[in-house]
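The values are calculated or read from the model by the stated rules, or taken from the named source; none is laboratory data. A quick note: this is a predicted structure, and the numbers were derived from the prediction, not measured. Every residue, glycine among them, receives a Cβ derived from its backbone with ideal geometry; neighbour counts consider all protein chains shown. To get the accessible areas, we keep the full protein, side chains included, count just its heavy atoms, and leave off ligands, DNA and RNA. Shrake-Rupley method; radii C 1.70, N 1.55, O 1.52, S 1.80 Å.
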Amino acid sequence: MKQPYVCMVSRKLQILCWERRVNMAETDLLVIVPHEDDELAIAGAMIYGAVQQNMRIKVVFVTNGDYFRHEGTIRIKEAGKALGELGVTPEDIIFLGYGDQTQTKHLYNSAPDELVASYNGKTETYGTEQIPEFAMTEYGVHHAYTRENYKSDIKAVIAKYHPKILVTTDWDNHMDHLALSLMVDEVLGELLKEEKLWHPLVLKAQAYNGKWEGHADYYHDKNVTELVNEADGTDHIHPMDKWEERIRFAVPRQCRTALIRKNVLYKAAKQYHSQSVDLKAIQFINFDMVYWRRPTESLTYHADIEVSSGNAAYLNDFKCADCSDIIHGMWNYDTGSWIPEKDDQKKQVKITLDHKARIQEIHLFENPADDCAVNKVKISFGNGYVMHTDELMHEGGRTIINIPDMEPTDFVEVTLEATEGELAGLTEIEIYEGIQEIENYRLPLPLWQEIPENYQKMGSTAGCRIEEKWLQFVRYGRVRLWPDKYFLMKRYPKLKENDSVITFWKAYLRFVREKLNEKRNG
């Protein structure tokens, strides 16, 4: 534990932020994911496409995926091999070194300097002897597991590499995934206020829906990402992420081969032996990559905001929802909203822009809490124009208001004219002069059109069926018919990765005896 270094490290972070315009290594694509293997589901084809185009790329892992204590160093090594299959060099892979999950509350929901142990009891960042974590590389110390360090490392890595495209997790059904999504939003809210001319393309994706828990449809002709979570039949999608508004990219030919063993993403997946990711490949490898975009050009990040009551800071912090307890209330977005006080008769927000602007769109995000609604909004402009909206999209959804052509204005007033429930309010207000078309960015992959003829599965149908049956046998056989050393290491912590084959066979036979006894006694 290195708590005495927190102040020193914070000072170094301040210096880094001041100097980043000179020292930043501007990157075309920055991928930030929670665990080693999430990059394949969230951005595998995107990463491969970027490498093929010689784009500058960095892949950042926030945790070491060490739910089981032995897994951390193993997964760090596996990540290097997996990304190597996609053409990413070790120099372009960064590990922040935080722990997988927690036994109490998550770092995201903790006090800034509160020390929070990971699930397996670790309390500070770490890497390997050959691959130190980001804090050790940048500052020469390990970082204690506190919210302030967790946030500062994520902010520092984004600031340092200053991406043109940033890809990360979205509203996922896993505490580490949701925490990262919310923390990246928090950090981006600060960075966008600090850097007026920086407008990265932010793309967010779920790793579980349609991916880790998607349909096993690799061998289908129309193998595309679907919304459903195959594990429990739900979609677990936030109302802000309308399925029909998803952005789709077409994957390279090497990511859509007829036989999966020739697929570059499958070759990468096979490197994650400890997680048996190759068995998930038929679920997460699709013809398309699906994302939701968060525009970064809103004028509100550099505006003054006054409210008749409530907390104005929530209205331009880039967060469209927030959660006070992502462990026990993952889908309960119960904080981070501007809510006027009960006796507030105005319920008004005044946004004074830093320049006169010809506004094209206003995006309003309603408080996602249950039993509340905003049914009518009045919008007044400094040029004298006034307009009214119908009810907003509920449960946190985004309402896009198109503004008719009018004279530039220096301020906007938003008044909640009709509401239901004591918690009726807004989580975010975004004002745009314009949003850069996604086609104007240098993209790693082409945008999706339709499934062209050459997307259809080529090669022997019989060969695909044989391969599919073989994968089913392998899935069944691991653990049941032969030893899987990583499974056995989780069950018997004294086992080591470099133990002999005989040792693992003995452990496997012990496991079989235990299961037979359980069945006999059950």
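Among residues of segment 124-144 being among the hydroxyl-bearing types (Ser, Thr, Tyr) and surrounded by fewer than 17 Cβ atoms within 10 Å (Cβ to Cβ), the one that is farthest from Ser181 (Cα to Cα) is Thr128.
Which residues, counting only those in segment 135-149, are free of Cβ contacts under 8 Å to residues at least 60 places away in the same chain and in contact with a helix residue (DSSP H, G or I) (Cβ under 7 Å, 6 or more places away or on another chain)? Matches in segment 135-149: Tyr145, Arg147.
Hey, can you tell me all the residues within segment 102-119 that are surrounded by 19 or more Cβ atoms within 10 Å (Cβ to Cβ) and either closer than 20 Å to Thr73 by Cα or not aromatic (Phe, Trp, Tyr) (or both)? Matches in segment 102-119: Thr102, His106, Leu107, Asn109, Val116, Ser118. Are any residues in segment 435-450 touching a strand residue (DSSP E or B) at 6+ places or on another chain (Cβ under 9 Å), part of a loop (DSSP other than H, G, I, E, B) and modelled with pLDDT of 95 or more, and if so, which ones? Passing the criteria: Ile435, Gln436, Tyr441, Arg442, Leu443, Pro444, Leu445, Pro446. Looking across segment 302-329, the residues that are crowded, with 19+ Cβ neighbours inside 10 Å, farther than 30 Å from Gly49 by Cβ and touching a residue at least 60 places away in the same chain (Cβ under 8 Å) come down to Ala303, Tyr314, Leu315, Asn316, Asp317, Ala321, Asp322, Cys323, Ile326.
Look at segment 108-126: where a residue is part of a strand (DSSP E or B) and a partner is among the aliphatic types (A, V, I, L, M), sitting 6+ places away or on another chain with Cβ atoms under 8 Å, you get Glu124/Met1; Glu124/Ala144. Does any residue of segment 204-223 turn out to be surrounded by fewer than 19 Cβ atoms within 10 Å (Cβ to Cβ), more than 27 Å from Gln103 (Cα to Cα), over 15 Å from the mean Cα position of the chain (by Cα) and aliphatic (A, V, I, L, M)? Yes, some residue in segment 204-223 is surrounded by fewer than 19 Cβ atoms within 10 Å (Cβ to Cβ), more than 27 Å from Gln103 (Cα to Cα), over 15 Å from the mean Cα position of the chain (by Cα) and aliphatic (A, V, I, L, M). Set side by side, the residues Gly336, Gly396 differ, and just one is touching a His at 6+ places or on another chain (Cβ under 9 Å), open to solvent by less than 50 Å² (accessible area, probe 1.4 Å) and at positive phi, which is Gly396. For segment 425-445, the count of residues that are hydrophobic (A, V, I, L, M, F, W, C), within 18 Å of Ile339 (Cβ to Cβ) and open to solvent by 30 Å² or more (accessible area, probe 1.4 Å) is zero. Residue count for segment 1-55, restricted to those that are part of a helix (DSSP H, G or I), open to solvent by 80 Å² or more (accessible area, probe 1.4 Å) and at pLDDT 95 or above: 1. Looking at Ile247, Ile282, just one residue is more than 19 Å from the chain's Cα centre (by Cα) and of a type in the set (Val, Ile, Thr), and that residue is Ile282. Checked against the criteria, Glu453 does not count as modelled with pLDDT of 95 or more, within 30 Å of Met289 (Cβ to Cβ) and exposed (fewer than 11 other Cβ atoms within 10 Å of the Cβ).
Can you go through Lys356, Lys378, Lys342 and tell me which one is basic (Lys, Arg), open to solvent by 50 Å² or more (accessible area, probe 1.4 Å) and modelled with pLDDT under 95? Unique residue meeting the criteria: Lys342.
Anything in segment 389-404 that is in a loop (DSSP other than H, G, I, E, B) and in contact with a Ser or Thr (Cβ under 8 Å, 6 or more places away or on another chain)? List them, or say none. Across segment 389-404, the qualifying residues are Leu392, Met393, Gly396.
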